[in-house]
Every structure is written in C-alpha cells, then in structure tokens.
Amino acid sequence: MEFDYIVVGAGSAGCVLADRLSRSPGTRVLVIEAGGSDARFWIKVPLGYGFTFSDPKVNWCYTAEADAGINGREAYWPRGKVVGGSSSINAMAYVRGLKQDFDDWETAGANGWGWDTVRQTYERVEHHWENGRARGEGPLRVSDLSTRMHPFSETFLNAARDLGWKTPDDMNEGSCEGLSYYRSTVRNGLRRSAADAFLRPALKRGNVQLLKNALVEKLTFSGTRATGVQYRIGDQRHVATCKGEVIVSAGAVNSPQLLQLSGLGPADLLKTHGIDVVQNLGQVGKGMQDHLAITHHFAANRPTLNDRLGTPFGRMMVGLQYLLTR
Ligand SMILES: Cc1cc2nc3c(=O)[nH]c(=O)nc-3n(C[C@H](O)[C@H](O)[C@H](O)COP(=O)(O)OP(=O)(O)OC[C@H]3O[C@@H](n4cnc5c(N)ncnc54)[C@H](O)[C@@H]3O)c2cc1C
C-alpha cells in the first residue's frame with residue numbers, strides 16, 4: 001500500500017488531520033488506529049464516561065510510575081484506544097486553550113500560532129448551541145447545558161463568588177480564568193467526538209482509508225527520512241509506505257513511545273533497550289506535564305445522580321428520562 005500521508009492514531013489530532021489532508025481529492029491518506037470501532041452504546045451516551053474510564057476494550061488504562069511529587073502515589077492515566085481516541089472517552093468539557101499561552105508560543109517562535117490566528121480557527125470549527133439558538137457553522141457541536149445542571153452547581157458557584165472568584169458566563173470568552181459551567185461537546189444528548197466531527201465526513205470523500213485494530217510498531221526509514229510504518233493486526237505484520245509524510249498523532253504517551261521504538265530518541269536510552277538509533281534526539285520522551293484531577297467526596301443533603309443510579313428502579317427512571325428528554 002502506498003499513500004501520500006500516513007496518520008498514526010485516529011484520536012483528536014488524527015481525525016482533524018485526516019479531514020484537512022484529504023480535502024484535495026488527489027491526496028491519499030491512510031489513518032491507522034490501534035483500537036476498534038467507536039460504535040458503542042457507552043461511548044455515544046454521555047453517562048457512559050463512568051464506564052469507559054476504566055474499560056480496557058477502549059482505553060489503554062495506563063498507570064504512571066510512583067511520583068515523588070505526589071507523595072509516591074501511582075496515578076491512573078486513562079487514554080482512549082478506539083476510533084476517536086481520547087475524544088471518544090473524555091468528559092466532553094469544551095474549553096478553549098488560553099489566549100496568553102498561544103501568544104507565548106508565537107513569541108517563542110511558533111509563527112501563526114498566536115491567539116488572533118488560533119481564535120479564527122476555533123470559530124471555524126465550532127457550532128455553538130445555547131438556549132435553543134445556534135451560532136457558528138463548524139462541524140463540532142458545543143452545547144450550553146447549564147440550565148440542566150444539579151442545583152448544587154449553582155450553590156458551588158455562589159460560594160466561589162463569595163470568595164471573590166470570577167464566575168464568567170462562558171469560559172471560552174475573555175481570559176478563561178475563574179469558575180463556571182463549561183460547554184460540552186454534546187449534540188442532542190449524544191457525545192460528539194473528533195471522529196464524529198472530522199473523521200466520518202473525511203471518510204465519505206473516498207480518498208481516506210481507516211485501518212482499525214492495527215498497532216503501529218515502528219516507523220520505517222530511508223536514511224533519516226521516514227518512508228512508512230510497520231504495523232500489526234492480530235499476528236500479522238504489514239508495511240505501509242508513503243510518498244509524503246508520516247504523522248505521529250498517537251497521543252501524549254504513545255507518540256514519544258513510538259518515536260523511541262523507531263530509533264528516534266535519547267541514544268543512550270535506546271541502546272539499553274537494543275534499539276538501533278536513527279537519530280539521537282534527547283528530548284523525545286521528556287518534558288511531560290500532567291494536570292492532576294482531584295475528586296472530592298461529600299455526603300449530600302439532596303439527591304444526586306449517584307442516589308438515583310443506586311437502585312434498579314432509579315436506573316430505569318434515569319434511562320426513561322434520557323430516552324424521553326435526552
Ligand atoms: C478520561 C478522560 C477525560 C478527559 N476529559 C476531557 C475534557 O472533558 N475536555 C477536554 O478538553 N479534554 C479532556 N481530556 C483530554 C482530551 O481528550 C485529550 O487531550 C485529547 O483527546 C488528546 O488528543 P490526541 O490526538 O493527542 O490523542 P488521543 O485522542 O488519545 O489519540 C491518540 C490515538 O492514537 C492511537 N494510538 C496510540 N498508539 C498507537 C499505535 N502505536 N498505533 C496505532 N494507533 C495508536 C490511540 O489508540 C488513540 O486512538 C480527557 C481525556 C481522558 C482520557
């Protein structure tokens with residue numbers, strides 16, 4: 001098989017790339033994904049987040065090494081292993097990146113990544129839905145669900161206001177700082193993943209091929225130029241080659257791993273694992289910054305979803321409410 005581009009990983013980034021690269025009809029794009037189909041009930045229904053969070057059928061379910069910075073704890077790192085990648089299992093919160101971060105990138109030399117340019121891209125991609133009104137015409141539905149939130153949420157925001165925090169109506173406007181309801185990538189009560197918004201429309205063009213359940217084991221090279229990938233489906237090994245570029249969009253954990261397995265990384269480390277060095281790149285696999293999420297548990301004096309889901313009758317009623325009202 002020979003393509004113009006090979007995209008490794010059909011996650012958030014890979015789906016967008018498949019869409020953009022396949023817009024010129026003569027360009028042939030191969031997308032290779034280690035996970036399987038996203039046609040699963042608990043991926044489509046937002047409540048399923050609680051199930052896919054630790055389901056190895058759609059999740060790499062990584063555990064980080066013990067970290068001195070968090071008192072020796074080992075953190076659980078879920079990562080999507082399915083078409084759509086982590087956008088198929090994430091919490092659907094839609095919050096734009098910070099204006100000042102993009103401007104910092106541009107100042108540091110990343111031309112074209114400043115806020116003014118990036119904001120236009122956000123606007124092109126988004127299709128907002130707020131109180132029955134639409135704004136924007138992009139492929140990604142961004143819904144305001146604040147009127148449907150549990151009353152505790154308003155209590156929480158009132159407490160934040162009392163303490164002097166900003167509580168903007170929309171975290172995607174202005175500086176993004178403060179506490180607020182976030183918008184959700186949900187459309188008519190169903191998850192709207194990157195696969196829904198970008199990959200499926202691209203597949204309809206006919207010049208994009210998607211391989212599922214195919215694990216890329218390494219990139220192939222001619223000298224230091226990447227020429228394709230070696231991948232495995234079950235016990236069978238295959239090779240795909242490309243005339244243009246191999247794009248590694250396998251996520252924050254797997255991308256550097258794949259580069260190292262391919263011989264791109266710190267030479268000393270690669271040699272200790274018996275990997276032939278293609279190029280000594282000391283920073284590959286370094287500089288990861290995690291953002292910690294900490295769950296607080298409280299006893300509630302008003303029923304929450306947890307109470308309602310705690311009995312078979314409650315689950316039935318929640319299911320019925322979802323079917324009737326989404
Ligand atoms: C549980 C969870 C909740 C989250 N909640 C939110 C949220 O509410 N809002 C938000 O903005 N962000 C959230 N995120 C983060 C967000 O989803 C990710 O930052 C984003 O999806 C990452 O995109 P990506 O393209 O870098 O990687 P991914 O979307 O993870 O895609 C990488 C893809 O590459 C595939 N792959 C990896 N290795 C190989 C290989 N060797 N061969 C072939 N394929 C491979 C993977 O299977 C995967 O499909 C959450 C993430 C998780 C896991």
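The values are calculated or read from the model by the stated rules, or taken from the named source; none is laboratory data. Owing to the predicted nature of the structure, the values given are computational and were not obtained by experimental measurement. With ideal geometry, Cβ positions are generated from the backbone for all residues, glycine too; neighbour counts draw on all protein chains shown. SASA here: full protein model, heavy atoms, side chains in, ligands and nucleic acids out. Shrake-Rupley method; radii C 1.70, N 1.55, O 1.52, S 1.80 Å.
Out of all the residues in region 192-202, is one or more within 11 Å of the ligand (Cβ to nearest atom), surrounded by fewer than 21 Cβ atoms within 10 Å (Cβ to Cβ) and farther than 30 Å from H291 by Cα? No, region 192-202 contains no residue that is within 11 Å of the ligand (Cβ to nearest atom), surrounded by fewer than 21 Cβ atoms within 10 Å (Cβ to Cβ) and farther than 30 Å from H291 by Cα.
Search region 101-124 for residues that are of a type outside the set (A, V, I, L, M, F, W, C) and pair each with any residue that is open to solvent by 60 Å² or more (accessible area, probe 1.4 Å) and part of a helix (DSSP H, G or I) when their beta-carbon atoms are under 6 Å apart and the residues are at least 6 apart or on different chains. Hits for this filter: G114/E106. When the residues of region 12-32 are filtered to those that are assigned to a loop (DSSP other than H, G, I, E, B) and open to solvent by 10 Å² or more (accessible area, probe 1.4 Å), which remaining residue is nearest to S255 (Cα to Cα)? That would be R28. With the condition kept exactly as written, say whether any residue in region 34-43 is in the same structural domain as G206 (by TED's automatic domain parsing), within 7 Å of the ligand (Cβ to nearest atom) and under 24 Å from L259 (Cα atoms). Yes, region 34-43 has at least one match. Within region 49-73, the set of residues being surrounded by 15 or more Cβ atoms within 10 Å (Cβ to Cβ), under 20 Å from G251 (Cβ atoms) and over 15 Å from the mean Cα position of the chain (by Cα) comprises D55 only. Report yes if some residue within region 266-289 is open to solvent by less than 40 Å² (accessible area, probe 1.4 Å), small (G, A, S), within 14 Å of the ligand (Cβ to nearest atom) and farther than 26 Å from A75 by Cβ; otherwise report no. No, every residue in region 266-289 fails to be open to solvent by less than 40 Å² (accessible area, probe 1.4 Å), small (G, A, S), within 14 Å of the ligand (Cβ to nearest atom) and farther than 26 Å from A75 by Cβ.
Restricting attention to region 51-74, the residues that are among the β-branched types (V, I, T) and either part of a strand (DSSP E or B) or near the ligand (Cβ under 7 Å from one of its atoms) (or both) add up to 1. Within region 294-321, being over 29 Å from the mean Cα position of the chain (by Cα) and of a type in the set (V, I, T) holds for one residue alone: T311. Among residues belonging to region 211-226 that are open to solvent by less than 40 Å² (accessible area, probe 1.4 Å) and outside any loop (DSSP other than H, G, I, E, B), point out the one that is farthest from I275 (Cα to Cα). Of everything passing the filter in region 211-226, L211 is farthest from I275 (Cα to Cα). Of the listed requirements (1) more than 10 Å from the ligand (Cβ to nearest atom); (2) touching a Phe, Trp or Tyr at 6+ places or on another chain (Cβ under 7 Å); (3) under 27 Å from W113 (Cβ atoms); (4) outside the structural domain of E123 (by TED's automatic domain parsing), W77 misses just one: (1).
Listed conditions (1) touching a residue at least 40 places away in the same chain (Cβ under 8 Å); (2) exposed (fewer than 12 other Cβ atoms within 10 Å of the Cβ); (3) at positive phi are all met by A300, apart from (3). Restricting the first member to region 170-184 and to residues that are over 12 Å from V142 (Cβ atoms), and the second to residues that are open to solvent by 30 Å² or more (accessible area, probe 1.4 Å) and not in a loop (DSSP other than H, G, I, E, B), the beta-carbon pairs closer than 8 Å and six or more apart or on different chains are S175/K99; S175/Q100; C176/K99; L179/F156; Y181/S146; Y181/S153.
Of all residues in region 227-265, those satisfying the criterion of being open to solvent by 20 Å² or more (accessible area, probe 1.4 Å), assigned to a loop (DSSP other than H, G, I, E, B) and over 14 Å from V7 (Cβ atoms) are G234, D235. Six or more apart or on different chains, Cβ under 7 Å: which pairs go from a residue in region 58-75 that's touching a residue at least 40 places away in the same chain (Cβ under 8 Å) to one that's away from the ligand (no atom under 16 Å from the Cβ)? Could you list them? If the second residue must be away from the ligand (no atom under 16 Å from the Cβ), the pairs left are A64/E74; A75/D67. Can you find a residue that is within 11 Å of the ligand (Cβ to nearest atom) and of a type in the set (D, E, K, R) anywhere in region 11-33? Yes, some residue in region 11-33 is within 11 Å of the ligand (Cβ to nearest atom) and of a type in the set (D, E, K, R). Within region 81-100, residues that are within 17 Å of D19 (Cβ to Cβ) and in a loop (DSSP other than H, G, I, E, B) reach partners that are open to solvent by 30 Å² or more (accessible area, probe 1.4 Å) and more than 6 Å from the ligand (Cβ to nearest atom) with beta carbons closer than 9 Å, at six or more positions or on different chains, in the pairs V83/S37; V83/A39; V83/L210; V83/K212. G138 meets all of the listed conditions (1) farther than 30 Å from L305 by Cα; (2) part of a loop (DSSP other than H, G, I, E, B); (3) open to solvent by 50 Å² or more (accessible area, probe 1.4 Å) but one, namely (3).
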